[in-house]
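In what follows, a single structure is set out as structure tokens and then discussed.
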Amino acid sequence: MADTTKKYASKSGRERTSRILIYVFLTALSIIWMIPFFYLICQAFRGESRSMVTYFFPKQWSLENFRILFRETEFGHWYLNTLIIALFNAVLQTVIVLCVAYALSRMRFKGRKLLMNLMLILGMFPGFLSMIATYFILKLIGLTSENSVPGLILVYAASSGMGYYIAKGFFDTIPKSLDEAARIDGASRSRVFFRIIMPMAKPIIIYTIMMAFIAPWGDFMYASLITFGHEKAYNVAVGLYKWLDKEHLSNYFTVFCAGGLFVSVPVTALFLGLQKYYVEGVTGGAVKG
Amino acid sequence: MADVKLTNVKKQYDNGFVAVHDFNLEIKHEEFIVLVGPSGCGKSTTLRMIAGLEDITDGTIEIDGTVVNDMEPKDRDIAMVFQNYALYPHMSVYENIAFGLRLRKVPNKEIHKKVTEAAEILGITELLGRKPKQLSGGQRQRVAIGRAIVRVPKVFLMDEPLSNLDAKLRNQMRAEIILLREKIRTTFVYVTHDQTEAMTLGDRIVIMKDGYVMQVGTPQELFNHPANLFVAGFIGTPQMNFFDAELKKDRNGYTAKVEGLNVKVPKHIADALDKRESVPEKVLLGVRPENLILTDSGESIGASIKVTEMMGSEIHIHAELPDGKNVIIKVQIADLDDDQQNEMLTRHGIAFRIRERTINLFDPEDGRNLAVSDAAAVPTNE
């Protein structure tokens, strides 16, 4: 008896030590990960100089950088551009991805396999391979430079169907007999999709919206090419990056940090607001289980 | 009125596999048809073609005189109950049942009336507010049935509706389906692999194998006059016994010689044999285990007992004939007292004779019943 108690005690003691070690390790890691973010905040509120400095905490806290950001630069424009692009893309891409994924999951048509394989293979090539061609096509129809916002929405949304894979995997887990029951009940394909499948697909809808919002929000490559130096049409990534040029850096570094802070706000908010839908599944009870 | 007519229906999948060959059947109004067969025999495919969930490769399906080959499921005015229930998980029981009516733009008041009525018939009134995941298997199946009956469809399709339930619940639900059928007179097509369900529910049974229809008939016809060896073996437990027999004709009619025992061929078979162009000499004689009668005197076949199964009110004796053939005999023991029952269970050898009236003769070549004129041959696995 005493023996087992001792064993038990020593086991729990060992468990506690290992747990402490794990927490120490994780805390250390998270501090390391947080440093750049803290640094960004500190620089954004620094009042004494606008160039890079060699110390961490500002000597003088101020909101001056934010005033410059919105009053003296085009940042407001960039922010609005990015927001418009990201919102439009969030809607368009989500609709497209979900429709494509549902069709590929449920319908059987000639060339379905070929199409899926083709999209998978094409998806493995980096997107910038087609950048030059895309640019010239957009230029032909007048969607570059000052018209970059619709142009970029088109670029992002047009290829979004290729990202069907995860959503299709999700739809595959919803039993087909649900669709069939609804079709016999009198629903058309689209009604089945909107009334039966969509209410069950919340987690994947949320996931798709987040991905569709975040990708254009942080995109640099396409945005910098298609705006082609037209400052008013920049998105935040391109605009802010210009301030890191040698000529601007000494004057704009703290402003850059203030902008960076603003850029991170919607993404963080989106994630915090939607994460609770992200984890729950709702298919329980549909069929025998 | 809703009769269903299938004419030369064929289903071939894209990979070339033929699931259903040339299926012909006329289902009368308010008839309860059961499609039964081993898995992969094409019974579910046939049902799904009637429902419109599978395309028809060839032939026509008519509901109520209208060809529905290219009609969407929703326009066929049918209802279907699925094996896995297929309830909409995000809707309450009430909404599940009401869904079909809502799509048909039925006024709310009427929906309410119909849903409560259906719920009452099925005894699920107190469950109407719940979500499917809060229900037991039997309750879910009731909701699925409720969803189907609420619309009063022309044809009611059921795809193995009871096979996900445990044995006790299955018996109970089977009885309820019989009662339900009395309440809602409509045409039923029911798919199952369970012969008990088929026998107890069906007005007529369609037995299928490898995509071919083996026999269509009432439970009694199938049981007493199976069209071929497959049907004979599929219906009835334990399985029918088959003996090699020699068929002879003399002045008094036909005699089949089985294991040295002369079995007089009953008149209905003899008449059928006379109508045939040729009668084979070697045949298979089929007789059900309950029609082998233990006897102590007179002409009989002797066998040694290998296994005795006590089933309660009857005993299944697995015995071996001198030539090594196995035979199963079913003995009713309800009239015997305990001592007699024990004596029966401890026997080593038995002698039995054949109840002549009940035999069936089959052609050993193609498995057809010699007395059934349009019997289907047993398909060989190609």
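Only the coordinates and a few stated rules stand behind these numbers; no lab work does. Everything numeric in this text was worked out from a predicted model, so none of it was measured. Cβ placement follows ideal geometry from the backbone for every residue including glycine, while neighbour counts extend to all protein chains displayed.
Odds and ends about this structure:
- With a cut-off of 15 Å on the backbone N, the residues of segment A:36-65 near the modelled label site 7 Å out from A:Phe271 along Cα-Cβ are A:36-38.
- With the gyration tensor restricted to C-alpha atoms of segment B:242-382, the semi-axes of the equivalent ellipsoid amount to 31, 17, 14 Å, longest first.
- About the Cα centre, charge dipole magnitude for segment B:230-362 (Lys/Arg +1, Asp/Glu -1 at Cβ), debye: 700 debye
- Eigenvalues of the alpha-carbon gyration tensor of segment A:74-279, scaled by 5 and square-rooted, set the equivalent ellipsoid semi-axes at 37, 20, 13 angstrom, largest first.
- Positive-pole candidate from A:Ser264, A:Val238, A:Leu178, dipole of segment A:131-286, charges at beta carbon: A:Leu178
- Applying D = kT/(6 pi eta Rh) to chain B, where Rh is the Kirkwood radius over alpha-carbon pairs, T corresponds to 37 °C and eta to 0.692 mPa s, the Stokes-Einstein value obtained is 140 µm²/s.
- Selection among A:Asn89, A:Pro199, A:Met210 by position relative to the dipole of segment A:74-279 gives A:Pro199 as farthest towards the positive end (Cβ unit charges, Cα centre).
- Annotation for B:Thr125 and B:Asp337: the two label points, set 7 Å from Cα along the Cα-Cβ direction, are 5.4 nm apart.
- Of the chymotrypsin sites (Phe, Trp or Tyr not before Pro) found in segment B:171-236, none is in coil by DSSP with at most 10 other Cβ atoms within 10 Å of its Cβ.
- Under 11 Å, Cβ to Cβ, from A:Val192 - net charge with Lys/Arg +1 and Asp/Glu -1: +4
- Computed magnitude of the charge dipole of the protein assembly as shown (debye, nearest 20; Cβ of K, R +1, Cβ of D, E -1): 2920 debye
- Charge dipole (segment B:230-362, unit charges on Cβ, about Cα centre) - positive-most of B:Leu284, B:Ile317, B:Phe242: B:Leu284
- Mean per-residue shielding of peptide B:78-85 is 5, counting Cβ atoms of other chains within 10 Å of each Cβ.
- Counting only other chain Cβ atoms within 10 Å of each residue's Cβ, the peptide A:192-198 averages 2.
- In a simple Cβ point-charge model (Lys, Arg +1; Asp, Glu -1; nothing else charged), segment B:329-382 has a dipole of about 140 debye relative to its Cα centre.
- Taking only Cα atoms of segment B:162-309, radius of gyration then Dmax in Å: 19.5, 57
- Selected from A:Gly123, A:Gly151, A:Gly76 as most flexible by GNM, with chain A as the system and alpha-carbon contacts under 10 Å: A:Gly123
- With at most 11 neighbouring Cβ atoms within 10 Å, loop GluC sites (Glu not before Pro) (DSSP) excluded, longest segment of chain A: A:73-279
- Projected area, mean over directions - the protein assembly as shown, Cα convex hull, nm²: 50.1 nm²
- In this rough spin-label picture, where each label sits 7 Å from Cα along the Cβ direction, the A:Met34-A:Ala158 distance is 4.5 nm.
- Considering only beta bridges that DSSP places wholly inside chain B, some 75 percent are antiparallel.
- Each principal axis of segment B:100-242 carries a Cα extent, and these read 60, 29, 26 Å when sorted largest first.
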